[in-house]
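Worksheet: one structure, shown below.
The values are calculated or read from the model by the stated rules, or taken from the named source; none is laboratory data. Note that the structure is predicted; figures quoted are calculated from it, not measured. So basically every Cβ, Gly included, is an ideal-geometry build from the backbone, and we count neighbours across all protein chains shown.
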Amino acid sequence: LSEIKHKLKSVSDNIFGNILESIIGAIYLDLGYNESKKFIFNQIIEKSNFSEDINYKSKILEWCQKKNKKIKFVNSKQKGPDHKKEYFIELYIQEKKISESWGNTIKSAEQKSAEIAIKIVS
């Protein structure tokens, strides 16, 4: 579901919750409690990507502080109408561009750029 959710950004979170609830309910009705519990654990919990909950900006800021490196997020571009703007963030460490990313908000673009940077510097 997370892959589908990522591709269909305009679809409400409620729909994905309803789909998941329907799937689990169908498994419960057809196979019982134990099988639905196994499904939840094996297919959802173990395979979940909780990276959305990780604050990558905090992580890269902490990394730079530990390494005594200067970090800068630059909002260099914007596109789209006022009601649906997209922001382009470039992340620099020691004046060297490490990553860049687009996002629907400045915060989301910073998070994406920080996630890329963490993977590069780690």
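Checked against (1) at pLDDT below 95; (2) outside any helix (DSSP H, G or I); (3) out of contact with any helix residue (DSSP H, G or I) (no Cβ under 8 Å at 6 or more places or on another chain), ASN14 passes all but condition (2). Would you call GLU35 outside the structural domain of SER113 (by TED's automatic domain parsing), surrounded by 10 or more Cβ atoms within 10 Å (Cβ to Cβ), modelled with pLDDT under 95 and touching a helix residue (DSSP H, G or I) at 6+ places or on another chain (Cβ under 8 Å)? Criteria met by GLU35.
When segment 56-112 is limited to residues that are aromatic (Phe, Trp, Tyr) and either part of a helix (DSSP H, G or I) or out of contact with any strand residue (DSSP E or B) (no Cβ under 7 Å at 6 or more places or on another chain) (or both), the one that is farthest from SER122 (Cα to Cα) turns out to be TYR56. Scanning segment 54-69 for residues that are surrounded by 10 or more Cβ atoms within 10 Å (Cβ to Cβ) and among the charged types (D, E, K, R), we see that the one that is farthest from SER108 (Cα to Cα) is LYS67.
Taken together, the criteria place TYR56 among residues that are touching a residue at least 24 places away in the same chain (Cβ under 8 Å), out of contact with any His (no Cβ under 6 Å at 6 or more places or on another chain) and hydroxyl-bearing (Ser, Thr, Tyr).
Results for (1) surrounded by 13 or more Cβ atoms within 10 Å (Cβ to Cβ); (2) more than 30 Å from ILE23 (Cα to Cα); (3) modelled with pLDDT of 95 or more, shown as yes or no for each residue.
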| residue | (1), (2), (3) |
| --- | --- |
| PHE41 | no, no, no |
| VAL74 | yes, yes, yes |
| GLY80 | no, yes, no |
| LEU91 | yes, yes, yes |
| SER101 | yes, yes, yes |
| GLU110 | yes, yes, yes |
